[in-house]
Structure formats: structure tokens, C-alpha cells
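Heads up: the structure comes next, in C-alpha cells.
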Amino acid sequence: MNQFRGTGVALITPFNTDGSVDYAALETLVNHVITGGVNYLVALGTTSEAPTLSADERKQVLKFIVDKCNKRVPVVCGIGGNNTAEVIAQLGEYDLSGVDGILTVVPYYNKPTQEGLYQHFKAIAQATTKAIILYNVPGRTVTNMLPATTLRLANEFKHIVAVKEASGNMSQCMDLVQGKPSHFAVLSGDDDLVLPQVAIGMEGVISVAANCFTKDFTTMVNDAIAGNYNNSQQLHYKMLEGIRLLFAEGNPAGVKCVLKHMNICKDTVRLPLVKVSAETEQKIVQYLKNNY
């Protein structure tokens, strides 16, 4: 069974009011999500604000998460970019001894062709023996990795074990599920679509909402995978408004606002991101009051 089945949580990076990394809050968060039932942790993903972390901070945050997790669940590290050689260099620079897999995103900004995407990920796969999760998120990268390219890579490299598919395109998701080899998992990157995506054969999610609505979210996913759609549907609709509020003014500003009101961390983000507006925060507070 694929070790990245179920719910992975794309961890935020808590900051103090002066902008420094709040390691005490990060430890609280790691314990919170593991206690809440997540199947694995994802460090240095989009939700971590990794582009605003220095190279040293990224290494320190990863080491801290691995240490505090203490092998309770697997840990995935986000290492990706639009410079193939630099991504490969980072694979050698990071301490990956306690890391179970790599999440690597479709190159952004320079808009490679499908052949360029294949060659990029082929080079990464040849540079590491770690399990690899591909990450297709055309809303951020502009380029959409088509199922034929994803499946070409999955069939050629046995340690390419999954794709985080955040296109939101259900037809594309079905092509991936229908064509995938047995060792390969198709995971969701869209928290509001996880339930119908599990119904078509996807095997889990790398989630933002699992930072805060952890127990309900992991229960929803696990129940859906087990075929208990009555309970998972109830939880889906309980969380749907909350999930939409998380993304109303961008990620991770929304989830940090929720976590602030859960007394887990401050809502500080680094520029160019800003906190959610007072109006959105008021809606979040009302949602939490009504549901939690």
C-alpha cells in the first residue's frame, strides 16, 4: 500500500510578530496534526511560504519538523523549482536522512513543453532514490502537466510513487486513475474536491485544511476511502464553508487566521503576502463559532 495514501498535511510555517520563525508554535502544530490523525507531514510546500524562507531557514524548518515528528508518521519535503540543475543541487544539500519522500512541483514561469516536463522530472528521478510525489498545480505554475506525461514518468520510474493533482479537472483526474500503474497513487490538491475525487478512485490528499480542521478532515478522507460516504459527506458539508474561507484571500493567510483563533500560532505572514481582511476574519470567527 502506498505510504502516502490518506491525508498529508501541507504544514504552515508559523512566524513571530517580528517575522522570525516561531519554532514553539511549529512544534505545537506538528503535535496537533499528528494527534488529529494525519497520515503524513509535508514540509516546505506552498503553504509553508517556502519562497520567503532563506536557504538556511528552509533547512532548519525541515530538520525541526523531522525531529519533532520523531518517526510517528512519514515526512515529505517540498523541493522543486524552475531550474532543474538547482533542484538537483538542493537534493544534495538538504539533510534528507529523516525524510520519506520528495514533493516536487511542475516548473513555473518558464512554461516548458510536455517533453520539457518529462525531461525535468526524469533528471530529478535519476538524481535521488527517495520516493517522489509529482505536483501539478497549473493555477500557480501556468503549465498543466497532462496525464500522458505524468503516466509516462510513473511507468518509467518505480520511485515516482504519486502525483498531487491540483488542476481541479475531474476528467484529467479520471484519466490519471484509469491509466496509472499499481504502485502509483493519484492524490488531490484541492481540499473542497477530495470527497468526489476519492469516489472516482483517487487515494487521498495533500491538504491545507488539515492544519486546522484536522480531525474532521482526516476522518472525512479515511471514511471516504473505506466507502463510508454517509459520514464523509456530512463532514464535507460541515467544512465546506470553512475551506472556502481558508482560500478567500489566499493561502496560507486564511489558515493562519483560523490557527490564531485556535491558539496554535499567530497569523503573521511574510510579504508579499498579507493577513486576511477584517471582513474575512469576522466570517472565519463566525464559522468557527457555529461549527467548532
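Computed from the coordinates by the stated procedures, all read-outs in this text should not be read as laboratory data. Keep in mind that what you see is a predicted model, and the values were worked out from it rather than measured. Neighbour counts are summed over all protein chains in view; Cβ atoms, including those assigned to glycine, are modelled from backbone coordinates with ideal geometry.
Results, tabulated for the structure shown:
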| item | result |
| --- | --- |
| Members of segment 218-232 that are surrounded by 20 or more Cβ atoms within 10 Å (Cβ to Cβ) and either within 18 Å of the chain's Cα centre (by Cα) or at positive phi (or both) | 218, 220, 221 |
| Single condition residue 235 does not satisfy, out of (1) more than 30 Å from residue 278 (Cβ to Cβ); (2) free of Cβ contacts under 8 Å to residues at least 40 places away in the same chain; (3) more than 18 Å from the chain's Cα centre (by Cα); (4) surrounded by 16 or more Cβ atoms within 10 Å (Cβ to Cβ) | (1) |
| Close pairs (7 angstrom Cβ cut-off, 6 or more residues apart or separate chains): loosely packed, with under 13 Cβ neighbours inside 10 Å in segment 277-292, assigned to a helix (DSSP H, G or I) anywhere | 291/238; 291/242 |
| Hits in segment 101-121 - residues which are touching a Phe, Trp or Tyr at 6+ places or on another chain (Cβ under 7 Å) and assigned to a loop (DSSP other than H, G, I, E, B) | 106 |
| Every residue from segment 244-292 that is among the hydroxyl-bearing types (Ser, Thr, Tyr) and more than 21 Å from residue 31 (Cα to Cα) | 277, 280, 287 |
| Among the residues listed as 124, 132, the single one being part of a strand (DSSP E or B) and closer than 18 Å to residue 82 by Cβ | 132 |
| Residues of segment 192-219 that turn out to be over 19 Å from residue 176 (Cβ atoms) and polar (S, T, N, Q), as a count | 4 |
| Cross-chain or 6+ apart pairs with Cβ under 9 Å, segment 118-138 first and over 18 Å from residue 176 (Cβ atoms), then outside any helix (DSSP H, G or I) and small (Gly, Ala, Ser) | 124/80; 130/101 |
| Some residue of segment 198-221 being more than 30 Å from residue 274 (Cα to Cα) and without any contact (Cβ under 8 Å) to a residue 12 or more places away in the chain | no |
